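Worksheet: one structure, shown below.
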């Protein structure tokens with residue numbers, strides 16, 4: 001991706017037209033990506049809680065949260081491979097968490113592959129703490145660390 005030195009990401013609400021780019025990013029990042037039809041259903045139910053990051057008119061990342069009462073779930077977050085290690089994921093995460101808090105969440109929870117050191121570091125640096133471990137969260141052989149961010153505005 002060609003990026004001008006002075007360009008900064010734009011963060012905005014997801015649109016239906018973004019789903020193809022999100023599906024492509026899913027396939028780039030995750031070994032078992034969400035399929036388009038799954039993304040469409042998530043969009044239909046939770047589109048107002050989905051944040052995307054664009055740079056130069058191209059989608060470079062997204063975060064989907066689900067807020068219910070005082071609790072939120074960071075359902076998924078992804079950043080294009082060529083945009084990792086430059087603060088894009090952290091900025092997207094911080095904006096997603098702030099949106100959850102603005103919607104009334106006190107706690108924001110997530111699960112992460114314990115082998116994904118990059119994601120674990122980012123979440124810890126953003127204030128998430130490990131609150132558990134499930135060796136078969138997504139089924140046998142699919143462990144996840146359970147993490148939580150507690151709003152300081154209690």
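None of the figures in this text is laboratory data; all of them are computed from the coordinates on show. Everything numeric in this text was worked out from a predicted model, so none of it was measured. Neighbour counts run over all protein chains shown; Cβ positions are idealised from the backbone, glycine included.
Odds and ends about this structure:
- Neighbour counting of Cβ atoms within 10 Å sorts the residues 85, 46, fewest neighbours leading, into 85, 46.
- Label-point separation, residue 121 to residue 98 (7 Å along Cα→Cβ), nm: 2.4
- For the chain, the longest principal axis of the C-alpha atoms and the axis of helix 88-102 are separated by about 60°.
- Ordering 82, 44 from the fewest to the most neighbouring beta carbons within 10 Å gives 44, 82.
- Förster-model FRET efficiency, 35 Å R0, residue 58 and residue 137, C-beta, rounded to 0.05: 0.60
- Against the chain, whose longest principal axis comes from its Cα atoms, helix 36-46 is set at around 70 degrees.
- Spatially, segment 111-154 and segment 1-67 are offset by 21 Å when compared through their Cα centroids.
- Cα Rg, Dmax, segment 10-119, angstrom units: 13.2, 36
- Value of relative contact order over segment 13-154, rounded to a whole percent, pairs C-alpha under 8 Å and six or more apart: 17
- Angle in degrees between helix 19-29 and the longest Cα principal axis of the chain, rounded to the nearest 10: 70
- Net length available on complete extension from residue 150 to residue 71 is 27.5 nm, with 0.36 nm assigned per residue and the Cα-Cα distance removed.
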